[in-house]
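J.: Below you'll find the structure I mean.
The values are calculated or read from the model by the stated rules, or taken from the named source; none is laboratory data. Because the structure is predicted, anything quoted here is derived from the model rather than measured. Here the Cβ positions follow ideal geometry from the backbone for every residue, glycine too, while neighbour counts run over all protein chains shown. The accessibility values were calculated without ligands, DNA or RNA, using every heavy atom of the protein model including side chains. Shrake-Rupley method; radii C 1.70, N 1.55, O 1.52, S 1.80 Å.
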Amino acid sequence: MTISRNPRRSLRRIVAGVITLATTVTATLTVAASPAQAATTAGIDVSRYQGSINWTSVHNAGIQFAYIKSTEGISYKDPNFGTNYVGAYNAGVIRGAYHFALPDRSTGTAQANYLASSGGAWSADGRTLPAALDIEFNPYGATCYGLSQAAMRTWISDFLNTYRGRTGRYAVIYTTTSWWTSCTGNWSGPWANHPLWIARWASAPGTLPAGAPYYSFWQYTAGGSVAGVGGAVDRNYFNGDRSRLVALANNT
């Protein structure tokens, strides 16, 4: 079945209510448009829901990297992925693909292979980041996709190991601390090698999953704006300057 919904938009409707409640309790949890950070590099993540993107304008606005939706499950490919992936590269934006995981639909191995065969493989060209596994609250059903914590850890391991076998790279993992704690038992296994992309729409990244010494990427708002992109867009920071981002892209 081809999935046409945007899982992150469904998630945002859920999380928006949580954030609204939190802001009535404490002003320190308000979503910041541009959190103050030292030695960070600005980025965005996009899917077909951003429509046509002028990547030259995006680059000129100071955006240095972008994660672009490639696949979901084993049957859906974002129809704008190819255009965005090439457009970002040609504009000088360092880019990577991301895969929205559906652990209740098929194995981690099958989904990693689908990603790698659908444009999410890595190339040593200085502008390609390792792909990201987007694993978070299920917008279609049970929060943890009906898997036990042990089964979820196995699913994630299978995905990560398969992607590394196909590409030679450790995939980035996009998640929230609350989901990771609930659905994996706050498993610390991946963080020795796999970069963490933490999602927290607030003025600070907050508590990280157990064992993660730092975040590599932080999605700090889902309501950002950037020249060249119509409507709201997810804004992110890379935890380092551009030279470190290039090093990650180059696997050095």
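J.: If you check Thr207 against the conditions, is it closer than 20 Å to Ala131 by Cβ and of a type in the set (Val, Ile, Thr)?
T.: no
J.: Continuing with this model, one more query. Which one of these does Asp158 not meet: (1) buried (at least 20 other Cβ atoms within 10 Å of the Cβ); (2) touching a residue at least 40 places away in the same chain (Cβ under 8 Å)?
T.: With respect to (1) buried (at least 20 other Cβ atoms within 10 Å of the Cβ); (2) touching a residue at least 40 places away in the same chain (Cβ under 8 Å), Asp158 is out only on (1).
J.: Could you grab me the full set of residues in region 221-252 that are farther than 20 Å from Trp55 by Cβ and part of a loop (DSSP other than H, G, I, E, B)?
T.: Asn239, Gly240, Asp241, Asn251, Thr252 - these are the residues of region 221-252 that are farther than 20 Å from Trp55 by Cβ and part of a loop (DSSP other than H, G, I, E, B).
J.: Follow-up question, since we're still on this one. Are any of the residues in region 121-132 part of a helix (DSSP H, G or I), touching a Gly at 6+ places or on another chain (Cβ under 6 Å) and open to solvent by less than 20 Å² (accessible area, probe 1.4 Å)?
T.: If we filter region 121-132 for residues that are part of a helix (DSSP H, G or I), which is where we start, we get none.
No: region 121-132 contains no residue that is part of a helix (DSSP H, G or I), touching a Gly at 6+ places or on another chain (Cβ under 6 Å) and open to solvent by less than 20 Å² (accessible area, probe 1.4 Å).
J.: Kindly establish whether Thr143 is of a type in the set (Val, Ile, Thr), assigned to a helix (DSSP H, G or I), open to solvent by 40 Å² or more (accessible area, probe 1.4 Å) and over 23 Å from Val246 (Cβ atoms).
T.: no
J.: Another question about this same structure. If a residue has to be within 21 Å of Ala116 (Cβ to Cβ), within 14 Å of the chain's Cα centre (by Cα) and part of a helix (DSSP H, G or I) to count, how many in region 165-220 make the cut?
T.: So the answer is 0.
J.: Here's something else I'd like to know. Give Ala150, Ala88 a once-over and let me know the one that is aliphatic (A, V, I, L, M), open to solvent by less than 10 Å² (accessible area, probe 1.4 Å), out of contact with any Leu (no Cβ under 9 Å at 6 or more places or on another chain) and without any contact (Cβ under 8 Å) to a residue 40 or more places away in the chain.
T.: Ala88
J.: If you scan region 61-91, which residues turn out to be part of a helix (DSSP H, G or I) and either more than 21 Å from Ala227 (Cβ to Cβ) or small (Gly, Ala, Ser) (or both)? Please lay out each step first, then the result.
T.: So in region 61-91, the residues part of a helix (DSSP H, G or I) come out as 81-90.
Those that are part of a helix (DSSP H, G or I) and either more than 21 Å from Ala227 (Cβ to Cβ) or small (Gly, Ala, Ser) (or both): Phe81, Gly82, Gly87, Ala88.
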